[in-house]
Amino acid sequence: MITTKQLKELIEAEVIDDVTAMKITAFYKEKSGGANRRLAVIFSILGALLIGLGVIEIIAHNWDSFSRLTKGIFSMSPLIIGQFICGITLFQKKKLSIWHEAAASFLVMAIGASISLISQTYHMDGEMSSFMISWIIPILPVIYLMRSSMATAFYVIGAAIYAGSLGPKSDPLLFLLSYGGLLLPMLPYYISLIKRAPSGAMTTLLHWVVVLTTSLVVLTAFKDAEVVWIVPLYLSVFITLYLIGIGGFAKTLSAKYSAYSMVGSLGALSVLFTLSNDHYWRKLSSASFSLSDMIMQPSIWCTIVCVVVSAVLLYRVIKLQKRRWSLSPLVYSILLYIPVFLISVYLPVGKLFTNILLLFIGIYYILDGYKKNLWQSTNLGLLILFVWTQFRLFDMKMDFVVKGILFILLGGCFIGANIWILMRKRVK
C-alpha cells in the first residue's frame, strides 16, 4: 500500500495531481475496508453461534426442574428470539451483511435447538434422518429472506448429514438423489451469489462447503462397492470438479486455485497414484464381466454421467483457450482412460500408462510455473514427482545410499526452484 508521504512526493514531483492522489487514497481505503468487513462478518457469525450455544447451555442446566409448560415455552423461545432479530435486521434502512449473516446463523441454530427441545420435552422418538430433514427444510426461507451465505452453508452440510443418516446399507443412488434433491432449492441463491460477488469471502466459503460435502457424499455412497467400479467413478468425479473450477463456473479470485479446481486436482492425482501400482490392474484383469451385472451397477451409470459432463466441460474449456495444448494433461485423463480401462482387461498397460501420465503432469506443472513465475505450480509439479518417486522406490529394492542421494537431489530441486522464481520476480 502506498503511504501518504509517497503520495506527497509524487504530487510535488508532478507525477500525479491532487485528484489522482485522492482517487488512489480512496481505492486503498476501500480495499482495506473490504478485508475489515470480511473479518467483521466472520467474528459476528462466531459470536452469534456462541450466544446461541450459551443460551442452550443455561436452559439445559435447569431443565429437569421445569414443568412441561415451562419447558415448552423455553423450547420455543430461541426460535422466537431468532425470528425477532431477523425481522429487525430485515427492516433496517442500512443493509449490513454482518447483521444478516449473524442473525441468520443464530436463527439456524435456534431452529435446531427448538426441534431438539420440543422432541425431548414431549418424548417424541425419531431417527437422525427425520431430525435433520425437520431442521434443514425451515432453513430454506432463511436463505432467501436474509440472503445469507452462512445459512446456505449450514443447509448444504445438513443435506449431506441427512443423506449419510439414511444408513450405510442404503442404495447409493438413493443416497446421491437425496443429497442432490435437497441441493436443488438452494441453487438459485448460489448462482446469484456467484454472479453478484464472485470474489467475495462468503462465496469462497460456500464453494469449499459445496465441494467438500459433495466429494464426501460421493465417496461415502460407493464405499462398499467393488474397487473395479469405484476407481473410474472417483476419477471421473474429481476430473469433473477440476473442469468446473478451471472453466470459470465457480471462479473466485483465480479459477486455477478455486475450491473446485484444487479439490478436483488433488483428488484426481490421489486416484492416479493409486492406479500407478499393480493392485487395481490385477483386480481388473482377473474380474469377470457380464452385461447384466454391469447394467445393475449404480457406479457405472454415475461414471457415464460424469464422463459425459466432463466431455462437455472439456469442450467448453478448450473453446475458451487460445492454446489448447497449454492445458494440463489432467483435463484429458478421463477421456484417455476410457480405452486404457478397456485394454487393461486383456493387456497389462494400465500401470505403465498411469506412470507416464503422472510424469507428464509433474513436468507440465514445473514448466507452467517457470513460464508464469508461479511458485505454487512449480512446487506442485515437484511434489508430484517426489511422491511418484517414493511410490517407485517401494517397488524397487534400492540401496539406502541411492535413496539418500535421490532425497538430497529432490530437496535441492525444491529449494533451487523457489529461489529461482523469487529472483525472477524481483527482476521483473
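The values are calculated or read from the model by the stated rules, or taken from the named source; none is laboratory data. Everything quoted here is computed from the prediction, not taken from an experiment. Reconstructed Cβ throughout: ideal geometry from the backbone, glycine too, with neighbour counts over all protein chains shown.
Quick notes on this structure:
- Within the set I334, I421, the sole residue that is surrounded by 18 or more Cβ atoms within 10 Å (Cβ to Cβ) and at pLDDT below 70 turns out to be I421.
- Residue selected from the range 136-152 under the condition of a type outside the set (A, V, I, L, M) and modelled with pLDDT of 90 or more, by the criterion surrounded by the most Cβ atoms within 10 Å (Cβ to Cβ): T152
- In the range 108-132, of all residues being buried (at least 22 other Cβ atoms within 10 Å of the Cβ) and over 24 Å from S178 (Cα atoms), the one that is nearest to the chain's Cα centre (by Cα) corresponds to A110.
- Single match in L46, L96 (criterion: surrounded by 12 or more Cβ atoms within 10 Å (Cβ to Cβ), under 29 Å from the mean Cα position of the chain (by Cα), more than 23 Å from G158 (Cβ to Cβ) and at pLDDT below 75): L96
- Residue within the range 397-404 that is assigned to a loop (DSSP other than H, G, I, E, B) and either modelled with pLDDT of 80 or more or of a type in the set (V, I, T) (or both) present: no
- Put simply, of V217, V211, V228 the only residue that is more than 17 Å from Y155 (Cβ to Cβ) and either aliphatic (A, V, I, L, M) or at pLDDT below 90 (or both) is V228.
- L347 vs. criteria free of Cβ contacts under 8 Å to residues at least 24 places away in the same chain and more than 27 Å from the chain's Cα centre (by Cα): yes
- The set of residues in the range 173-190 that are over 23 Å from L107 (Cβ atoms) and surrounded by fewer than 21 Cβ atoms within 10 Å (Cβ to Cβ) comprises L173, L174, L176, L177, G180, G181.
- Identity of the residue in the range 244-271, outside any helix (DSSP H, G or I) and within 19 Å of R316 (Cβ to Cβ), that ends up modelled with the lowest pLDDT: T252
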